[in-house]
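Each remark here refers to the structure printed beneath this line.
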Amino acid sequence: MKKIIITSLLIALLIPSAVAQAATTSLNTKANKSSCKSIKVNYKLNAIANWSNGLASDQDVLKEIDLNIKMLSAKQKSTTGKIKTTISSWIASEKNTKNAITDKNFEAINAAMNLKISSVTNFDKLCKSIEK
């Protein structure tokens, strides 16, 4: 089950998203552009990918999730508009994933991963719309 969930997440993150929605001028700020670049570089998936293959422990994944939550929370403070809302949703999905792994609830993991995929996809679309 873990392999299916993680594979779905990784595929969604690797497939280029569809055409980005038009951005409002309020999104096109230096702080938003900086956050987009920084999050794309600093977000970690190594332990989660290894976890699906049985090569990483639950504790490794929980540590990685905590680092991601900390990084996303720091970057969210300087963002505005839809990007800030999307990062908030992404943080919620990370927290939900952490709780689901702790509880060993595969249905909750699946729901958290679906929210994460949605958040990451939306974040990517918004960032691509302000890169132009």
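Worth a mention:
- Looking across the stretch 26-35, the residues that are touching a residue at least 60 places away in the same chain (Cβ under 8 Å) and part of a helix (DSSP H, G or I) come down to Leu27, Asn32, Lys33.
- Residue match in the stretch 73-94 (condition: small (Gly, Ala, Ser), more than 13 Å from the chain's Cα centre (by Cα) and over 20 Å from Asn122 (Cα atoms)): no
- Phe123 being aromatic (Phe, Trp, Tyr) and under 16 Å from Asn32 (Cβ atoms): yes
- Tabulated pairs, the stretch 36-64, first more than 17 Å from Ile87 (Cβ to Cβ) and modelled with pLDDT under 85, second among the basic types (Lys, Arg) and surrounded by fewer than 13 Cβ atoms within 10 Å (Cβ to Cβ), C-beta under 6 angstrom, 6+ apart or interchain: Ser52/Lys3
- Among residues of the stretch 32-65 being among the small types (Gly, Ala, Ser) and surrounded by fewer than 14 Cβ atoms within 10 Å (Cβ to Cβ), the one that is farthest from Met113 (Cα to Cα) is Ser34.
- Among the residues making up the stretch 96-119, those that are among the basic types (Lys, Arg) and part of a helix (DSSP H, G or I) are Lys98, Lys116.
- Selected residue (only one of Ile130, Ile87, Ile101, Ile83 is aliphatic (A, V, I, L, M), in contact (Cβ under 8 Å) with a residue 24 or more places away in the chain and surrounded by fewer than 21 Cβ atoms within 10 Å (Cβ to Cβ)): Ile130
The values are calculated or read from the model by the stated rules, or taken from the named source; none is laboratory data. In this text the structure is predicted, and so the values were computed from the model without any measurement. Methodologically, a virtual Cβ is constructed for each residue, glycine included, from the backbone with ideal geometry; neighbour enumeration extends over all protein chains shown.
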